[in-house]
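So the structure is just underneath, and the comments pick up after that.
Each reported figure results from applying straightforward, stated rules to the coordinates on display, with no laboratory input. Please read these numbers as outputs of a predicted model, since none were measured by experiment. FYI the Cβ positions are ideal-geometry reconstructions off the backbone, even for glycines, and counts take in every protein chain you see.
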Amino acid sequence: MSAEKMKAAVLNEPGDLEIRDVDVPEPGPGEVLVRVRACGVCGSDLEIRDHGWEGAEFPFIMGHEWTGEVADLGPETYHFEVGDRVASEPHDGCGMCRNCKVGKYTACLNYGDFSKGHQHHGFTVDGGYAHYCVIPESNLHELPDNMSYQEGTLLTTAACSLYAVERADVSAGDFVAVLGPGAIGLLAAQIANYRGASEVLVSGTREPRLEAARELGADYTVNIHEEDPVERVTELTDGVGPDVVIEAAGVHQAQQQAVEMVRRGGNVGLVGNPGEGVAELDTQWIVSGDLDVVGVKAEGMNSTQRVTRLMSKREFETEPLLTHEYDLADLPEAMSTFENREEGAIKVVVNI
Ligand SMILES: [Zn+2]
Ligand SMILES: [Zn+2]
């Protein structure tokens, strides 16, 4: 008997994304089959589509910010039942290395090595731009009843923002600057406020996104095409600089601005992924400023589970971020809407 078929967005090789019929996968031990309902388009999708990813096993199905409902259970699964609403987490560390053992599974030392048990769903192995996805049950979180499948696609992003705010150690009363008003930045600004920041500034280039930042509680916004963000923030802080800067644009120039503007002795969290190219980071600023500069790798330290609770309690807003919806068949268009920031696009969701 031939296997049942489903539609999926398969990356045959970098630059060759194809929506076609593939077999519905079967869950093995410890795995769950999920009927995917929605999947968010992310900046890293564009990188994967065009250049592939470290450790990717081609061909594979893309998509890593998805929600759905449990359709079938493999043997040796204990935590979910058929029909449960779930949200996925893409990183599945090896569980054995030093980092995994202390909860830093997004920085797994066996990253990209499938033979050592590492899987990054939608990056190196099959993900959620498909009607069904098989995933270890340990990668699933219960989706709260008051959260739609579409809203739930933001959990992975919000988990990155929460981890960034924690790694950069935002304290009550801090002046926080967030560089880059994409979904990660806009969520980080709100979570910084939740953690007690006295003032939050968001900088960027696109007016609709800066408007969204103000709507979501930012005290100040800076359009970097019109003003120098370092000068503006220095002025606003009486020449001292913000206590914490979170770089969420993934731009080398913004990384340099972050270390230039932050208060001496302050913290900088780098969560944006600048991809190719060499940073022009003047390290003298870091040394002379006695700065704490930290990298933030995705949704580390189980931040997904914790941010799910915050989102479920409406501790911050997500609705203004969900700007566009498409069907799976229109994934290429969904990606280009996101890539070109058409019609003020912030988060683009693909319904499946
Ligand atoms: Zn993502
Ligand atoms: Zn590991």
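Distance from the Cα centroid of the stretch 117-174 to that of the stretch 275-342 is 11 Å (rounded to whole angstrom).
Rounded to whole numbers, the Karplus 3J(HN,Hα) couplings from phi for the stretch 178-184 are 10, 9, x, x, x, 4, 5 Hz, using 6.51 cos²θ - 1.76 cosθ + 1.60 with θ = phi - 60°, and x at Gly and Pro.
Legend: distances between Cα atoms for LYS104/LYS347; LYS104/LYS313; LYS313/LYS347; LYS7/LYS347; LYS7/LYS104; LYS5/LYS101; pairs beyond 29 Å are LYS7/LYS104; LYS5/LYS101. In the chain, the longest principal axis of the Cα atoms and the axis of helix 155-167 are about 40 degrees apart.
Peptide packing for 260-270, 177-187, 51-61 was compared via the average number of neighbouring C-beta atoms within 10 Å per residue; ordered from the highest value, the list is 177-187, 260-270, 51-61. Electrostatic tally near GLY68: other residues with Cβ closer than 11 Å to its Cβ, Lys and Arg +1, Asp and Glu -1, net +1.
How charged is the neighbourhood of VAL22? Take every other residue with its Cβ under 12 Å from the Cβ of VAL22, and add Lys/Arg as +1 and Asp/Glu as -1. Neighbour charge sum, excluding VAL22 itself: -2.
Averaging 1/r over every pair of different alpha carbons in the chain and inverting the result gives a Kirkwood radius of 20.6 Å. Within the chain, DSSP assigns beta bridges of which about 55% are antiparallel (rounded to the nearest 5). Neighbours of LEU210, meaning other residues whose beta-carbon lies under 12 angstrom from its beta-carbon, give a summed charge of -2 when Lys and Arg score +1 and Asp and Glu score -1.
Dividing the summed -39500 (n - 2.57) terms of all DSSP H runs of n ≥ 4 by the residue count of the chain sets its mean residue ellipticity at 222 nm at -7500 deg cm²/dmol. With a simple spin-label model that places each label point 7 Å from the Cα along the Cα-to-Cβ direction, the separation between GLU325 and ASN273 comes to 2.7 nm. Within the listed set GLU142, GLU276, GLU207, the residue fluctuating most in the Gaussian network model of the chain (springs between alpha-carbon atoms under 10 angstrom) is GLU276. Residues whose amide H lies under 5 Å from that of PHE60, counting only those 5 or more places away or on a different chain, are LEU11; hydrogens are built 1.01 Å from N in the peptide plane.
Backbone geometry of the stretch 224-235 corresponds, through the Karplus equation with coefficients 6.51, -1.76 and 1.60 at θ = phi - 60°, to 3J(HN,Hα) couplings of 6, 6, 10, 9, 7, x, 5, 4, 4, 6, 5, 4 Hz, x marking Gly and Pro.
Which of rounded, prolate, oblate describes the stretch 160-295, given a ≥ b ≥ c as roots of the alpha-carbon gyration tensor eigenvalues and a/c under 1.5 marking rounded, otherwise prolate only if a/b is larger than b/c? Note, shape of the stretch 160-295 comes out rounded. Based on C-alpha pairs under 8 angstrom that are at least 6 apart in sequence, the chain has a relative contact order of 17 percent. Mean-square fluctuations from a GNM of the chain, with a 10 angstrom spring cutoff on Cα atoms, peak among GLN256, GLN150, GLN119 at GLN256.
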